[in-house]
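Here's the structure we're looking at; comments come further down.
What follows draws every value from the coordinates through simple rules; no lab data is involved. Treat the numbers as computed from the prediction; the structure is a model and nothing was measured. No Cβ is skipped: glycine too gets one built from the backbone with ideal geometry, and neighbour counts run over all protein chains shown.
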Amino acid sequence: MRNDLRPRLTVMIAGAGAIAGLSAITLNGWPVVASALLGTLMVAGADIDARTFTLPNALTAATCVAGMLFAPILHPHAPDLALAAAIVRACVTAAALALVRWGYGQLRHREGLGLGDVKLAAGIGAWLPADLIPACFALAAASALVLVLLAHHRGKPIDAGTRLPFGAFLCPALWLMFYADALGG
């Protein structure tokens with residue numbers, strides 16, 4: 001793996017430590033472990049994507065697989081159904097974002113979303129209940145828009161060709177949605 005595709009150690013220690021600590025204080029049982037693991041993956045993903053505009057395959061695959069492994073653990077009353085639902089949501093969410101990616105490419109004749117974002121979408125589907133998936137994407141998009149508006153306000157030139165690491169917004173949105181759901185459940 002290229003060195004720039006590794007998360008920075010200080011970011012990982014601070015981010016993962018904060019998430020694990022918050023999870024341990026506010027959640028109980030398996031959701032603590034799930035939140036800490038997902039949070040660690042998402043800190044790494046956000047850090048890497050913000051610097052390189054790349055979400056490594058190892059990270060997106062680990063996110064998706066971990067979501068599927070935790071689905072039956074977090075829903076012991078119907079573990080088979082939970083796993084099947086996580087797989088279906090992962091496939092549908094990735095397919096939906098792949099369609100958005102393709103449609104944008106057809107309209108604008110350039111890439112708007114990377115394949116890493118599509119692969120991360122599978123992880124989003126694996127981790128979140130169906131009703132929270134749109135909220136996750138809305139939170140990520142709104143956060144990205146706020147950053148763009150702040151950059152524009154500070155005088156940074158922003159135009160239709162300005163690149164934005166969408167995974168850097170999707171990663172924290174996924175963890176926040178999972179954490180909020182675990183907190184409420």
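Taking neighbour counts of Cβ atoms within 10 Å as a proxy for exposure, in what order, fewest first, do D159, D47 appear?
Details: D159 6, D47 19.
Result, fewest neighbours first: D159, D47.
Relative to the first principal axis of the alpha-carbon coordinates of the chain, what is the inclination of helix 30-52, with its axis defined by its Cα atoms, in degrees from 0 to 90 and to the nearest 10?
Between helix and principal axis, roughly 10 degrees.
Contact order normalised by length for the chain, with contacts defined as Cα pairs under 8 Å and 6 or more residues apart; what percent is it? Let's see the in-between values first.
Numbers: 228 pairs, mean separation 49.1, N = 185.
Relative contact order here is 27 percent.
Kindly express, to the nearest 10 degrees and within the range 0 to 90, the angle between helix 79-108's C-alpha long axis and the longest C-alpha principal axis of the chain.
Computed tilt is about 10 degrees.
Kindly put R89, R154 in sequence by how many other C-beta atoms sit within 10 Å of each C-beta, fewest to most.
Details: R89 23, R154 7.
Ascending Cβ contact count within 10 Å gives the list R154, R89.
Can you tell me the orientation of helix 167-184 relative to the chain, as the angle in degrees between its alpha-carbon axis and the longest Cα principal axis, to the nearest 10?
The angle comes out near 30 degrees.
Compute the length gained on full extension between T10 and I25: take 0.36 nm times their separation in residues and subtract their Cα-Cα distance, giving the result in nm to one decimal. Don't skip to the end; give the middle numbers.
Working: separation 15, 0.36 × 15 = 5.40 nm, distance 2.23 nm.
Extra length from T10 to I25 when fully extended: 3.2 nm.
Averaging the inverse of every distinct alpha carbon separation and then flipping it gives the Kirkwood radius. What is it for the range 3-184, in angstrom units? The partial results should precede the final answer.
Values: mean 1/r = 0.0596 Å⁻¹.
Hydrodynamic radius (Kirkwood, Cα only) of the range 3-184 equals 16.8 Å.
I want to check the label-to-label distance for L164 and A84. Put each point 7 Å from Cα in the C-beta direction and report it in nm to one decimal.
Going by the 7 Å Cα→Cβ label model, 3.9 nm.
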